[in-house]
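Visitor: What follows is a single structure, and I will ask about it in a moment.
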Amino acid sequence: MENREIAAVFEEIANLVKITQEDPKWTFKAAAYDRATRSLEGFHERVEDLARDPQRKLTEIPGVGEDLAAKIKEILDTGTCQYHQELLKKVPRPLLQLLQLQGVGPQKIRLFHKELGVDSIEDLEKVAKAGRLRELPGMSAKSEENILKALETFRRAAGRFRLDTAYETAEMLVAYLKERKEVEQVTPAGSLRRGRETVGDLDLLVTGSDHARIAEYFAQHPDIREILAKGEDKVSVKLKNEMQVDVRLLEREAYGAALMYFTGSKEHNIALRERAKKHGWKLSEYGLFEGEKVLASRTEEEVYKKFGLEWIPPELRENQGEIEAAEKGELPKLVELKDIKGDLQMHTTASDGRTGVEEMAEAAKQLGYQYILITDHSKAVTIANGLDEKRAEENIKRIHAARKKVKDIEIWAGAEVDIMGDGRLDYPDELLKQFDIVLVSVHSRMNMPAAEMTARLLKALENPYVRILGHPTGRQILKRDPFQFDVEKVFEAAKKRGVILELNGNPERLDLNDRHVKLAKERGMKVIISTDAHHPSHFELMRYGVITARRGWLEKKDVLNTLPPEKLLAALRPLPK
Ligand code: DGT
Ligand code: CA
Ligand code: CA
Ligand code: ZN
């Protein structure tokens with residue numbers, strides 16, 4: 001069992017305690033479970049391994065006392081916990097779904113449930129549309145409108161999963177399938193292979209010697225909730241995490257054609273089929289045919305070649321000009337994970353990160369990075385324990401001290417400085433000038449009208465110390481829409497001033513998104529890809545940033561943190577004298 005699965009149970013307990021409020025000490029209890037949840041999510045080793053070690057104790061985990069240690073043990077042993085189950089009986093299941101709405105927490109859920117008898121998302125939608133929420137204590141017409149917006153976002157997102165969730169699930173299933181000796185190849189296709197920011201369902205393509213037996217084996221996976229269809233060459237299932245998986249068993253001879261077909265996108269496939277038609281050919285999941293004759297089918301390269309095209313990387317297959325570029329031999333040579341030489345946004349225990357500067361630096365070195373930029377939050381972000389001026393100066397000293405301890409990597413002192421509502425920065429210039437690199441971003445008042453937000457961003461970019469604009473649109477995937485502003489204007493101003501745009505590679509954000517990244521490239525701008533790591537393990541999220549950059553057609557030269565340290569510094573906006 002993974003740490004985050006245990007953490008998820010604790011998180012739900014905390015929410016249930018806050019919704020029911022039956023326990024006389026509920027605030028205390030909820031806080032304890034909240035603390036333990038965070039601590040489990042950030043714990044540096046597998047809790048399951050820790051539990052197995054007779055020399056050690058679960059109470060080594062910060063925020064975990066005897067009582068919570070017993071609960072963890074129970075979850076590890078039985079997969080569930082009595083206390084959690086009892087709490088669940090007190091709350092209608094669909095009510096908990098409300099937690100997925102942006103800006104709706106346990107307190108509001110309790111309020112809606114108690115005052116208006118809301119038991120589900122559907123109920124909430126009804127009372128919100130009837131204008132009944134605004135009358136509740138602590139609510140207003142504005143907060144009611146926000147709930148309606150959150151409902152709309154939720155409806156749009158329903159049934160889709162974040163790229164990282166899909167990736168992890170696919171990796172787990174691929175490993176499971178590969179355990180069987182009958183299985184030869186397993187490749188995730190569909191939107192996952194194209195690296196889309198969200199994935200509807202997983203499409204796994206399998207070749208092997210005994211289809212029926214492989215299908216039988218797959219259908220026994222313990223994470224399957226329901227088998228939707230099972231034939232000789234296809235199994236469709238719904239997993240316990242609600243994700244649908246289509247497993248297709250294929251013939252080796254047609255693997256390339258099938259891989260192309262099921263990778264999509266549909267638009268890309270349609271464009272290729274049109275091309276086939278012009279030649280009097282037919283393209284299907286079984287191959288490229290002229291009459292009965294197979295022209296190509298075994299590998300993707302062969303099929304593309306027959307069309308006179310270079311092989312097209314899956315991330316580009318959206319019919320956005322990639323076929324034309326392949327025809328001219330002008331496909332971009334896309335940036336790769338191994339090109340990345342450093343990470344330029346991360347947080348430490350000074351603000352809301354979970355480890356210190358040295359641990360982050362050591363971990364970065366392990367990845368072969370040549371530099372990192374520490375960017376703890378500024379004071380306006382109180383929930384992330386942002387640093388006031390005095391603590392920021394101490395943090396700079398701490399970062400400088402770490403340089404002496406961890407060699408062979410540049411450790412730059414930076415900050416993620418908040419852009420205030422009026423576009424001013426959260427720190428004065430006297431402090432800003434002490435950082436090596438200043439990154440700025442918006443974390444508050446994201447609902448302001450577009451014109452006001454545009455002015456706010458433009459004002460922030462005027463500050464001569466600003467060198468990177470962090471997560472420029474503020475969106476959180478499947479959770480929070482981007483804030484509204486004039487993207488073209490802000491890009492133009494950033495370019496003029498030499499401010500680099502961040503592609504925040506954290507899969508919760510992917511901000512800039514693929515289209516904005518492509519737009520930036522078309523405007524002749526560079527980006528940096530960062531992970532916004534709060535723990536060394538988050539450095540791995542770089543892969544999602546790189547995938548998104550690839551979807552935006554970026555090459556190595558378009559991404560500044562592929563440069564060695566001195567070249568990167570030279571490419572940033574020059575600092576005032
Ligand atoms: P998703 O699952 O919604 O994130 O998106 P995809 O792209 O994975 O779509 P999915 O799972 O419906 O189908 C997988 C691939 O199969 C898709 O990318 C292209 C191919 N495909 C599916 N339906 C059609 C179709 O009607 N025509 C063509 N040409 N290809 C299709
Ligand atoms: Ca799919
Ligand atoms: Ca599918
Ligand atoms: Zn941020």
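Visitor: Is it fair to say Ala401 is assigned to a helix (DSSP H, G or I), farther than 24 Å from Met542 by Cβ and small (Gly, Ala, Ser)?
Guide: yes
Visitor: For the subset of the stretch 367-416 comprising residues that are more than 20 Å from Val440 (Cβ to Cβ) and touching a Phe, Trp or Tyr at 6+ places or on another chain (Cβ under 9 Å), which member is surrounded by the fewest Cβ atoms within 10 Å (Cβ to Cβ)? Walk me through how you get there before you give the answer.
Guide: Within the stretch 367-416, the first condition is being more than 20 Å from Val440 (Cβ to Cβ), and the residues that meet it are 367-370, 390, 394, 397-398, 400-411.
Okay, now just the ones that are also touching a Phe, Trp or Tyr at 6+ places or on another chain (Cβ under 9 Å), so 367, 369, 409-411.
Details: Leu367: 16, Tyr369: 20, Ile409: 19, Glu410: 19, Ile411: 23.
Checking each candidate, the answer is Leu367.
Visitor: Moving on. Starting from the stretch 227-254, take each residue that is more than 17 Å from Thr169 (Cβ to Cβ) and modelled with pLDDT of 95 or more and list its partners that are within 15 Å of ligand 2 (Cβ to nearest atom) and of a type in the set (Phe, Trp, Tyr), counting only C-beta distances under 7 angstrom and pairs at least six apart or across chains.
Guide: none
Visitor: Taking the options Asp486, Asp514, name whichever one is surrounded by fewer than 19 Cβ atoms within 10 Å (Cβ to Cβ) and either at pLDDT 95 or above or within 24 Å of Phe154 (Cα to Cα) (or both).
Guide: The conditions single out Asp486.
Visitor: While we're looking at this one, here's another question. Name the single residue that is nearest to the chain's Cα centre (by Cα) among those in the stretch 19-43 being of a type in the set (Asp, Glu) and surrounded by 15 or more Cβ atoms within 10 Å (Cβ to Cβ).
Guide: Per the criteria, the residue is Glu41.
Visitor: I would also like to ask the following. If a residue has to be within 30 Å of the chain's Cα centre (by Cα), away from ligand 1 (no atom under 13 Å from the Cβ) and surrounded by fewer than 17 Cβ atoms within 10 Å (Cβ to Cβ) to count, how many in the stretch 175-211 make the cut?
Guide: The qualifying residues number 4.
Visitor: Taking Thr299 and the conditions (1) farther than 23 Å from Thr207 by Cα; (2) surrounded by 15 or more Cβ atoms within 10 Å (Cβ to Cβ), which numbered condition does it fall short on, given that it satisfies the others?
Guide: Condition not satisfied by Thr299: (1).
Visitor: Then there is this: Looking for whichever is in the same structural domain as Pro449 (by TED's automatic domain parsing), under 14 Å from the mean Cα position of the chain (by Cα) and away from ligand 1 (no atom under 16 Å from the Cβ) here; the options are Glu488, Glu508, Glu522. Which one fits?
Guide: Selected residue: Glu508, the only one of Glu488, Glu508, Glu522 that is in the same structural domain as Pro449 (by TED's automatic domain parsing), under 14 Å from the mean Cα position of the chain (by Cα) and away from ligand 1 (no atom under 16 Å from the Cβ).
One line per residue, one yes/no per condition, for (1) surrounded by fewer than 23 Cβ atoms within 10 Å (Cβ to Cβ); (2) outside the structural domain of Ala415 (by TED's automatic domain parsing); (3) in contact (Cβ under 8 Å) with a residue 40 or more places away in the chain; (4) not hydrophobic (A, V, I, L, M, F, W, C):
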{"position": "Leu461", "(1), (2), (3), (4)": "yes, no, no, no"}
{"position": "Ile468", "(1), (2), (3), (4)": "no, no, yes, no"}
{"position": "His471", "(1), (2), (3), (4)": "no, no, yes, yes"}
{"position": "Leu478", "(1), (2), (3), (4)": "yes, no, yes, no"}
{"position": "Asp481", "(1), (2), (3), (4)": "yes, no, yes, yes"}
{"position": "Glu492", "(1), (2), (3), (4)": "yes, no, no, yes"}
{"position": "Arg497", "(1), (2), (3), (4)": "yes, no, yes, yes"}
{"position": "Ile500", "(1), (2), (3), (4)": "no, no, yes, no"}
{"position": "Leu503", "(1), (2), (3), (4)": "no, no, yes, no"}
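Visitor: Further, regarding this structure: Please work out which one of (1) away from ligand 2 (no atom under 16 Å from the Cβ); (2) at pLDDT below 95 is the condition Arg160 fails and give its number.
Guide: (1)
Visitor: So how many residues does the stretch 469-516 have that are over 19 Å from His534 (Cβ atoms) and among the polar types (S, T, N, Q)?
Guide: Narrowing the stretch 469-516 to residues over 19 Å from His534 (Cβ atoms): 469, 472-473, 478, 481-501, 512-516.
Now restrict to residues that are among the polar types (S, T, N, Q): 473, 484, 513.
Qualifying residue count, the stretch 469-516: 3.
Visitor: Restricting attention to the stretch 70-90, report how many residues are more than 21 Å from Ile19 (Cβ to Cβ) and touching a residue at least 60 places away in the same chain (Cβ under 8 Å).
Guide: 3
Visitor: Take Ile214 and tell me if it is part of a helix (DSSP H, G or I), more than 13 Å from ligand 1 (Cβ to nearest atom), buried (at least 20 other Cβ atoms within 10 Å of the Cβ) and without any contact (Cβ under 8 Å) to a residue 40 or more places away in the chain.
Guide: The answer is yes for Ile214.
Visitor: Filter the stretch 249-271 down to residues that are under 19 Å from Arg196 (Cβ atoms) and touching a Phe, Trp or Tyr at 6+ places or on another chain (Cβ under 7 Å), then give me how many there are.
Guide: Quick first cut of the stretch 249-271, residues under 19 Å from Arg196 (Cβ atoms) only: 259-271.
Right, trim to touching a Phe, Trp or Tyr at 6+ places or on another chain (Cβ under 7 Å) and you get 269.
Residues meeting the conditions: 1.
Visitor: So, one more: Considering only residues of the stretch 241-254 that are under 20 Å from Gly159 (Cβ atoms) and not in a loop (DSSP other than H, G, I, E, B), which is nearest to ligand 1 (Cβ to nearest atom)? First the steps, then the outcome.
Guide: Step one: filter the stretch 241-254 for residues under 20 Å from Gly159 (Cβ atoms), giving 241-247.
Within this subset, residues satisfying the condition of being not in a loop (DSSP other than H, G, I, E, B) are 244-247.
Numbers: Gln244: 8, Val245: 10, Asp246: 7, Val247: 12 Å.
Once the filter is applied, the top-ranked residue is Asp246.
Visitor: In addition: Scan the stretch 324-348 for residues that are touching a Lys or Arg at 6+ places or on another chain (Cβ under 9 Å) and crowded, with 21+ Cβ neighbours inside 10 Å and jot them down.
Guide: Those that are touching a Lys or Arg at 6+ places or on another chain (Cβ under 9 Å) and crowded, with 21+ Cβ neighbours inside 10 Å: Val335, His347, Thr348.
Visitor: Out of the residues in the stretch 349-366 that are in contact with a Lys or Arg (Cβ under 9 Å, 6 or more places away or on another chain) and among the hydrophobic types (A, V, I, L, M, F, W, C), state the one that is surrounded by the fewest Cβ atoms within 10 Å (Cβ to Cβ).
Guide: Within the stretch 349-366, the match that is surrounded by the fewest Cβ atoms within 10 Å (Cβ to Cβ) is Ala350.
Visitor: Report yes if Ser265 is crowded, with 16+ Cβ neighbours inside 10 Å, out of contact with any Ser or Thr (no Cβ under 9 Å at 6 or more places or on another chain) and among the polar types (S, T, N, Q), otherwise no. Please lay out each step first, then the result.
Guide: Values: crowded, with 16+ Cβ neighbours inside 10 Å: yes; out of contact with any Ser or Thr (no Cβ under 9 Å at 6 or more places or on another chain): no; among the polar types (S, T, N, Q): yes.
No.
Visitor: Which of the residues spanning the stretch 154-173 are in a helix (DSSP H, G or I) and surrounded by fewer than 17 Cβ atoms within 10 Å (Cβ to Cβ)?
Guide: Residues of the stretch 154-173 in a helix (DSSP H, G or I): 154-157, 163-173.
Arg155, Arg156, Ala157, Thr165, Glu168, Glu171, Met172, listed by residue number.
Visitor: When the residues of the stretch 349-382 are filtered to those that are in a helix (DSSP H, G or I) and without any contact (Cβ under 8 Å) to a residue 24 or more places away in the chain, which remaining residue is farthest from Leu541 (Cα to Cα)?
Guide: Once the filter is applied, the top-ranked residue is Thr382.
The values are calculated or read from the model by the stated rules, or taken from the named source; none is laboratory data. Note that the coordinates shown come from a computational prediction; the quantities given were computed from them, not determined experimentally. Counting neighbours? That spans all protein chains shown, and the Cβs are built from the backbone with ideal geometry, glycine included.
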